[in-house]
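In what follows, a structure is listed as structure tokens, so that the remarks can point back to it.
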Amino acid sequence: FHAEHNWVTNFVWEPFAGWRLSGIARMRSGSPVTPFVQTNRSRSSWSPSLGPGTGPDRPNYAPGRGSANAVTGNPAQWFDPTAFALQPAGTFGNVGRNELLGPDLRAVDMALSKFFTLGRVSAGRGRIELRAEVFNIFNRANFGPPSLVAFSGTTDNEQPLASFGQIRTTVTAGRQGQVGVRISF
């Protein structure tokens, strides 16, 4: 669940009497991810990623490849499949646990408000707030984690699965807006 960089800020600005612009900006680097082999290729019944007796093995990096050049950043194929190779049967792969990064997150939400006083309600302390809010104002697609199963692991020299590295989800909604009225007295 580690995100190396995580920045959240909010602001409120009142440029004129009765008007308010506010917002929240969130930016986070990608979470660590680990590609896997679907079967217990090492024949160890032990997974160095998930704990004793559970989970699949990890693949090898292809010769000359590593974590620095294995991620493409493309949601159709987040990982470069040529960067990985199926480890020999009876051995552990050399891809480290949480060595690669998944997609980052960037989102900005904003609201614009206008306040009016209600002179006759609550001895002049009442007010009406008209408010317009927009979530994910820049309509950025914030992608979910990629498919992490690299190989089925059933035969030697097999190619990576076609679904390896594909991203099929987002973690935030597209741009959404709403308007509201609030009466305080």
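Just a few scattered comments:
- Rg to Rh, two decimals, where segment 85-185 supplies the alpha carbon set and Rh follows Kirkwood: 1.39
- Listed residue (Ala107, Gln87, Gln176) projecting farthest to the positive dipole end of segment 58-179, Cβ model: Gln176
- Relative contact order (%) - segment 85-185, alpha-carbon pairs under 8 angstrom, separation at least six: 31
- Take the chain and mark each of the trypsin sites (Lys or Arg not before Pro) that is in a DSSP loop with at most 13 other Cβ atoms within 10 Å; the longest unmarked stretch, sites excluded, is 44-96.
- Each Lys or Arg adds one and each Asp or Glu takes one away; over the other residues whose Cβ falls under 15 Å from the Cβ of Ala173, this sums to +2.
- If R0 is 22 Å, the Cβ-Cβ spacing of Phe116 and Ser22 corresponds to a FRET efficiency of close to 0.80.
- Value in Å of the Kirkwood radius, where the chain supplies the Cα pairs that are averaged: 19.9
- Cα gyration tensor shape for segment 70-118, rounded if a/c is under 1.5, else prolate or oblate: prolate
- Rounded to 5, the percent of DSSP beta bridges in the chain classed as antiparallel: 95
- Carbon-plus-sulfur accessible fraction, the chain (probe radius 1.4 Å, protein heavy atoms only): 56%.
- Net charge contributed by nearby residues that have their C-beta within less than 15 Å of Glu99 (K/R +1, D/E -1): 0
- Counting only protein heavy atoms and a 1.4 Å probe, the chain has 60 square angstrom of accessible area per residue.
- In segment 80-176, chymotrypsin sites (Phe, Trp or Tyr not before Pro) in a DSSP loop with at most 11 other beta-carbon atoms within 10 Å: Phe138
The values are calculated or read from the model by the stated rules, or taken from the named source; none is laboratory data. What you see is a predicted model; the values in this text were computed from it and never measured. Don't worry about glycine lacking a Cβ; one is built from the backbone with ideal geometry, like all the others, and counts go over all protein chains shown. Protein only, heavy atoms only, side chains kept; ligands, DNA and RNA dropped before computing areas. Shrake-Rupley method; radii C 1.70, N 1.55, O 1.52, S 1.80 Å.
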